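Notes follow the structure.
The values are calculated or read from the model by the stated rules, or taken from the named source; none is laboratory data. Predicted model, so just to flag it, every value in this text is computed and none were measured. Virtual Cβ from ideal backbone geometry, glycine too; neighbours counted across all protein chains shown.
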Amino acid sequence: MEICNTCPSISEEDLRAALAELKTYVDITEEDLMKIYVLAVRHARVRRSTMVPVRTVMTEHVVFATRDMSIHEAARLLSEHKITGMPVISEDNRVIGVISEADIYSPEGTKKENTVNRLLRRLRGKPEKVIEGGGRVEDAMNTPPITTLPDADIKEVAAVLDMHRIKRLPVVDLAGKLLGIISRGDIIRAVGKNH
């Protein structure tokens, strides 16, 4: 019995073989199992039809920094491109961190470090670490980076952005190499087009 044109056909023999492979008792008839399969295929079709993949709305031309770039150069890039953050990539184009305005312009020009460590440093009377003029992006970037894949649904990405209170996510392939970036603005524009 064929379920759909794009799905492999499943016969009652296939169901019997699958049940036998489980090697455990399942209190369900083959007919009920086939109904569950048909309903699952229908739900999957609906889910896929409403899904908007990241790759369809992401920005492919990405402004990025490298770990050895100076803080001043990173600040210039952010200002020049009117963005508030960007991915940091390695020599082989893998995303290794993210740097934002907040990371560069931390209070009192201090080096970004764990809040507990800063508190302990102050309690011990030790001076703040200051990023010198030659400070590097690797001194201020956030690691590990939060990223997404190009086939992820923008609804999932929106939830991640909201949960982490961030504005953008680098889009990477399975090897972690930069493919693009998706921002809250990209998601809002996509939702506006689809409704």
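Listed here are the residues, each with its yes/no results for (1) assigned to a helix (DSSP H, G or I); (2) more than 29 Å from Val191 (Cα to Cα); (3) among the hydroxyl-bearing types (Ser, Thr, Tyr); (4) free of Cβ contacts under 8 Å to residues at least 40 places away in the same chain.
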position	(1), (2), (3), (4)
Asp32	yes, yes, no, yes
Ile36	yes, yes, no, yes
Ala44	yes, no, no, yes
Ile99	no, no, no, no
Where Lys82 falls short, out of the listed (1) under 30 Å from Gly192 (Cα atoms); (2) assigned to a helix (DSSP H, G or I); (3) among the charged types (D, E, K, R); (4) modelled with pLDDT of 80 or more: (2)
Index of the failed condition, Asp151 passing every other in (1) in contact with a Pro (Cβ under 6 Å, 6 or more places away or on another chain); (2) surrounded by fewer than 16 Cβ atoms within 10 Å (Cβ to Cβ); (3) farther than 14 Å from Pro53 by Cβ: (3)
Pairs, first without any contact (Cβ under 8 Å) to a residue 24 or more places away in the chain in segment 14-28, second surrounded by fewer than 12 Cβ atoms within 10 Å (Cβ to Cβ), C-beta under 7 Å, six or more apart: Leu19/Val26
